[in-house]
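Remarks on the structure that follows.
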Amino acid sequence: MNALVRVIRSIIFLAILGGMSILGLYLYFSPDLPDASTLKEIKLQTPLKVFTLDGKLISQYGEKRRTPLTLEQIPKKMQQAFLAIEDSRFYQHPGIDPIGITRAVFSLITTGKKKQGASTITQQVARNYFLTREKTFTRKIKEIFLALNIEQELTKDQILLAYLNKIPLGHRSFGVGAAAQVYYGKNPDQLTLAQMAVIAGLPKAPSTLNPIRSPTRSKARRNLVLKRMLVLGYINNDEFEQAFNAPTTAKRHGAQIEVYAPYLGEMVRHWMVNKYGKTQAYSSGFNVYTTVPSHLQIAAQQAVATNIYDYDLRHGYRGPEQQLWQDKEYSNSKVSLPTEPLSTTEITDYLSQIKYYKQLQPAVVIATEKQSLTALLSSGEQITVPWQHMKWARKFIDDEHQGSAPTLAADIVTAGDLIRVIAVKDSWKLTQIPQVSSALVSISPRDGAIMAIVGGNNFAESQFNRVTQAKRQIGSNIKPFIYSYALSKGFTLASIINDAPITKWNKSQGLAWRPKNSPPIYNGPTRLRLGLAQSKNVMSVKLIRELGIKGSINHLTKFGFNKKDLPYGESLALGSASISPLDAVTGYATFANGGFKVEPYFIDRIENQDQQNIYQAQPLIACLACEKSNSTSEHNNIEVPLFEDFCWLPADRLAPRIISEQNAFLVSEMMRSVISGGGNWSKGTGWSGTGWRAGVLKRRDIGGKTGTTNNLKDTWFSGISTNLVATTWVGFDNPGRTLGKTRKNVNLGKNQVKGKEAGAKTAQPQWIKFMAVALKDYPEQSIYIPEGITTARIDRATGLLTTKTDYSSRFEYFITGSAPTEYIEPTQPTIFNDYLDSDRPNSDFEDDIF
């Protein structure tokens, strides 16, 4: 009896001593323990995401991939899979598991090794959120106390959710939402039971148990998870058998990019890092919504891709990227190549290492017939390219010369060639990776919002943004700005400039500068409207001579052009200035919006991790109605364009006016003639502008201007509509390389051009393809004629007033008070100098080359 009492006393003593020890330890460590209640407010580190205006994902930036979820968004079976393998008594214990601890201690005593883990899910939450992963008794004691505190502050469901959103699961994925995307490209609710079990098995060792690096180990761990789920009654035998026998299907997936706009994504990333710093920008869960609608960005990407493919193909085939083997009869002693074909496995292994270029797939030619080729894809699929999809491949000699048209497949390829192919309907087409570069940018003339942007052809190869960073000679794209200055100095659309050759002698160099029209046709006295529409170079030079170079430069800087980029010389009139496409399109927006200077911007709003708006763009608006309402107390009967809402923005929200509304209207009129032309073809007075190809859009409310530089190095087209402005550029990144020309005696197929490349042939088709989609959003509108504009009937030949009403005359627009006052002499013969036979649509009219 006494012995029993002593035992009981000893147990009580030890219990008290143990309790006091635990209390002492708690009091000792508690000052250093984090506040468990902060778990309720903790913001998980989530990556920066960039979206289109309509919410399509463009890019994602950040070292950690995480997609925070609610518990309702995580399937019950996935929750049970983690509970089964990590902490089956989670909903019963107070944060620590005495049974698990006892088992772990017993294992340590009997074996001397730690074989059993004793950390509950709550302890793992404590460790993942507040502690380091160092393996010390001090950290373990803190983890236990912190787990007990967490259980007092959070419900079991809150703890489980915190765990499932935070746990590291390999390949930079944190939480089950990111893991489901990384390994399977799905949301958690789309996973199979087997896939859920794979992810649930990862916390023990994300590196060595992940299904990409170690599929065998991963499968064994998955099966262990399934067995535990079966034992605990979470799944039945049928579910177990199906999942147990399921194959391993994991592979690495990137972010679910919905719209390809890498140059825009990079612009946003750079802006965010500058504003918030790299760490905060990449980990705070910002969602950035750009100004770009997804359908316009897709249209821009397709327009650029199609246009550069067309250019590249019409200049000939540059041959295979590599040659894996060579037939004996074609063997070249200078090249050491196998003469025996590679096996299918060897070919597919080789192709799996070749990078894709957009939709162009690498393939290896394994045989040729008379007029077809057979090739193998990396998937092992054998394809045939028929003659109609490879006969384009004349041999590329240089940018200005191509070989003769091929007649046999063997003239183009041989077995062993590494080529590129693209799927076309139910067939395949031989193609090649383009070398030419391009850019396209579109903005809203109302507020400068970027509506589409393509900074190059291959972001993976070059992150250089040709829209914002490339300054290239702009060619005749500069002329509308020169003509705008002329109108501000009293010139009219009917003013006459002599379109005749000029020579300027340079005494210091002993050389003569002779700017030429292209083609070198000179019409004599010609109206300003025709001079811009047909891009008459000598007229622009004579115009800037009369206006003065200094005044012309000062006028151009109003549109945002950097004075340093504008050369002080007469060549400025022909586009010797180097301008970026973004600066060009911003300048053209002024003509479209009635004379206001808008600033381009690309971020509409920013949301934080809680989807709260923390930034909203406040651009200055080009608003004629608001300008008028702010300048008069009479709000009734204010005439504004039909397209513009009647609004009352305060003066500080209005974009600054840089040219008059009348000036903008008249320049736009001239640019509409670039596309629509004029005159009467049936009477022999019809003429077309350099941009006549845009007539396929069948719109009267669009205008534009072509541009081509010396030696065909840069080609441009900028065009306007009431609601959208766009600029396109095509050239080589090497500024010394010419775009060249193509043979005229070869049938290149529909929509292909021949002869010299030029703005109208090389850059404008890209603009047309984009606008064909973009303009569908905006019904054609009647031309708004502002106050202060009058019309008068003029003689087409002289620009003077006339009483005639036949084809020799037309109505012209004038700023009130600037119309001519003199009438043409009744006996004066009419000589139509606004007609060029070579200008007729479908002619091979070249563009404007200074």
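The values are calculated or read from the model by the stated rules, or taken from the named source; none is laboratory data. Note that the structure is predicted; figures quoted are calculated from it, not measured. As a convention, Cβ positions derive from the backbone with ideal geometry for all residues, glycine included, and neighbour counts pool all protein chains shown. Side chains are part of the model used for accessible areas, which takes the heavy atoms of the whole protein and leaves out ligands, DNA and RNA. Shrake-Rupley method; radii C 1.70, N 1.55, O 1.52, S 1.80 Å.
Would you confirm whether any residue within the range 538-546 is in contact with a Ser or Thr (Cβ under 7 Å, 6 or more places away or on another chain) and under 22 Å from THR722 (Cα atoms)? No, there is no match, as no residue in the range 538-546 is in contact with a Ser or Thr (Cβ under 7 Å, 6 or more places away or on another chain) and under 22 Å from THR722 (Cα atoms). It is to be established whether one or more residues within the range 758-769 are open to solvent by 50 Å² or more (accessible area, probe 1.4 Å), at pLDDT below 95 and of a type in the set (Lys, Arg). Within the range 758-769, none of the residues are open to solvent by 50 Å² or more (accessible area, probe 1.4 Å), at pLDDT below 95 and of a type in the set (Lys, Arg). The set of residues in the range 618-632 being at pLDDT below 80 and open to solvent by less than 30 Å² (accessible area, probe 1.4 Å) consists of SER629 alone.
Residues that are at positive phi and either at pLDDT below 65 or hydrophobic (A, V, I, L, M, F, W, C) (or both) within the range 743-757 comprise GLY749, ASN751, listed in sequence order. Considering the conditions (1) touching a strand residue (DSSP E or B) at 6+ places or on another chain (Cβ under 7 Å); (2) in a loop (DSSP other than H, G, I, E, B), PRO480 is excluded by exactly one of them, (2). Filtered by the rule that a residue be among the polar types (S, T, N, Q) and modelled with pLDDT under 95, the range 577-611 gives ASN608, GLN609, GLN611. Inspection of the range 225-237 identifies at least one residue that is out of contact with any Ser or Thr (no Cβ under 7 Å at 6 or more places or on another chain), assigned to a loop (DSSP other than H, G, I, E, B) and loosely packed, with under 12 Cβ neighbours inside 10 Å. Look at the range 689-709: where a residue is over 15 Å from ALA592 (Cα atoms) and open to solvent by 10 Å² or more (accessible area, probe 1.4 Å) and a partner is among the hydroxyl-bearing types (Ser, Thr, Tyr) and part of a helix (DSSP H, G or I), sitting 6+ places away or on another chain with Cβ atoms under 9 Å, you get TRP692/SER676; GLY695/SER676. Among the residues of the range 492-508, is any over 30 Å from LEU264 (Cα atoms) and in a helix (DSSP H, G or I)? No, because not a single residue in the range 492-508 is over 30 Å from LEU264 (Cα atoms) and in a helix (DSSP H, G or I).
The number of residues in the range 556-583 being open to solvent by less than 10 Å² (accessible area, probe 1.4 Å) and in a helix (DSSP H, G or I) comes to 5. ASN498 fulfils the conditions (1) without any contact (Cβ under 8 Å) to a residue 12 or more places away in the chain; (2) open to solvent by 30 Å² or more (accessible area, probe 1.4 Å) except for a single criterion, (1).
Annotation: of all residues in the range 242-265 being touching a Lys or Arg at 6+ places or on another chain (Cβ under 8 Å) and in contact (Cβ under 8 Å) with a residue 60 or more places away in the chain, the one that is surrounded by the most Cβ atoms within 10 Å (Cβ to Cβ) is VAL259. Pairs are defined by a Cβ separation below 9 Å, a sequence spacing of at least 6 or placement on different chains, a first member in the range 436-463 that is within 20 Å of VAL259 (Cβ to Cβ), and a second member that is basic (Lys, Arg) and at pLDDT 95 or above; the pairs so defined are SER438/ARG466; ALA439/ARG466; VAL454/ARG466; GLY455/ARG466; GLY456/ARG466. Taking the criterion of being touching a residue at least 60 places away in the same chain (Cβ under 8 Å) and in a loop (DSSP other than H, G, I, E, B), the residues of the range 64-99 that qualify are LYS64, ARG66, THR67, PRO68, LEU69, THR70, ILE74, PRO75, SER88, PHE90, TYR91.
When the residues of the range 384-412 are filtered to those that are among the polar types (S, T, N, Q) and under 36 Å from the mean Cα position of the chain (by Cα), the one that is surrounded by the most Cβ atoms within 10 Å (Cβ to Cβ) is GLN402.
Picking from residues in the range 170-191 that are small (Gly, Ala, Ser) and in a helix (DSSP H, G or I), the one that is farthest from GLU239 (Cα to Cα) is ALA178. The residue pairs whose first member lies in the range 601-622 and is over 9 Å from VAL288 (Cα atoms), whose second member is in a strand (DSSP E or B) and aromatic (Phe, Trp, Tyr), and whose beta carbons are closer than 7 Å, counting only pairs six or more residues apart or on different chains, are ALA617/TYR601; PRO619/TYR601; ALA622/PHE596.
Evaluation of TYR282 against the conditions (1) touching an Asp or Glu at 6+ places or on another chain (Cβ under 9 Å); (2) of a type outside the set (A, V, I, L, M, F, W, C); (3) modelled with pLDDT under 95; (4) open to solvent by 50 Å² or more (accessible area, probe 1.4 Å) shows that the sole unmet condition is (4).
From the list ALA220, ALA305, the lone residue that is among the aliphatic types (A, V, I, L, M) and open to solvent by less than 30 Å² (accessible area, probe 1.4 Å) is ALA305. In this structure, is LEU440 in a strand (DSSP E or B), more than 31 Å from the chain's Cα centre (by Cα) and surrounded by 16 or more Cβ atoms within 10 Å (Cβ to Cβ)? For LEU440, the condition - in a strand (DSSP E or B), more than 31 Å from the chain's Cα centre (by Cα) and surrounded by 16 or more Cβ atoms within 10 Å (Cβ to Cβ) - is not met.
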